[in-house]
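Trainee: Sharing a structure with you now.
The values are calculated or read from the model by the stated rules, or taken from the named source; none is laboratory data. The structure presented is a predicted model; accordingly, all values stated were derived computationally and were not measured. Don't worry about glycine lacking a Cβ; one is built from the backbone with ideal geometry, like all the others, and counts go over all protein chains shown.
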Amino acid sequence: MKDAFAKKFLVAGQIPRSLASVLRSALTRAAFNIASYTLLPFGYKAVSRAAYSGREDIGTGPLGFLGNVVWLLLAGWWLALGHLVTAVLLACTIIGIPFAWAHLKLAGLAIWPIGKMIVPAHDDSLLYARRW
């Protein structure tokens, strides 16, 4: 089941090929981040790069917002819908509840992925953002 979602994110990474190269690379990077997070969702979390590093970059500013809007229209809504449906189906069993929770986290990330990074859940720098 996870492999199918990883393949969908890899396909979604190829959708923006006709867009400008800067925007395309941001969308492709976001799709590949989500694909890796789909394969190993436990023990990791998605956080804002600005909150993690303590400084803004191109993906956390206005261009990141524009990229997220384009992502939402092209790929985000149907990927998130797939994760939500899967989460509901998995939550019907006791064994599926942790996987349902993972799919809910992935649905949130699938809607607005640009400017996020995947880090270990118990990373100390999440508590205190590094400021340079």
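Trainee: Just to check your reading of the model, which residue among LEU89, LEU66 is in a helix (DSSP H, G or I), modelled with pLDDT of 90 or more, more than 13 Å from the chain's Cα centre (by Cα) and exposed (fewer than 15 other Cβ atoms within 10 Å of the Cβ)? It would help to see each step written out before you state the result.
Mentor: Details: LEU66 fails: modelled with pLDDT of 90 or more.
Of the residues listed, the single one that is in a helix (DSSP H, G or I), modelled with pLDDT of 90 or more, more than 13 Å from the chain's Cα centre (by Cα) and exposed (fewer than 15 other Cβ atoms within 10 Å of the Cβ) is LEU89.
Trainee: Any idea which residue in segment 41-53 is nearest to ALA4 (Cα to Cα), counting only those that are part of a loop (DSSP other than H, G, I, E, B) and touching a helix residue (DSSP H, G or I) at 6+ places or on another chain (Cβ under 9 Å)?
Mentor: Filtering segment 41-53 down to residues part of a loop (DSSP other than H, G, I, E, B) leaves 41-43.
Pick out the ones that are also touching a helix residue (DSSP H, G or I) at 6+ places or on another chain (Cβ under 9 Å) and you get 41-42.
Values: PRO41: 14, PHE42: 17 Å.
Ranking the candidates gives PRO41 first.
Trainee: With the checklist (1) assigned to a helix (DSSP H, G or I); (2) within 19 Å of ARG29 (Cα to Cα); (3) modelled with pLDDT of 80 or more in hand, flag the one item LEU81 doesn't pass.
Mentor: Every listed condition holds for LEU81 apart from (2).
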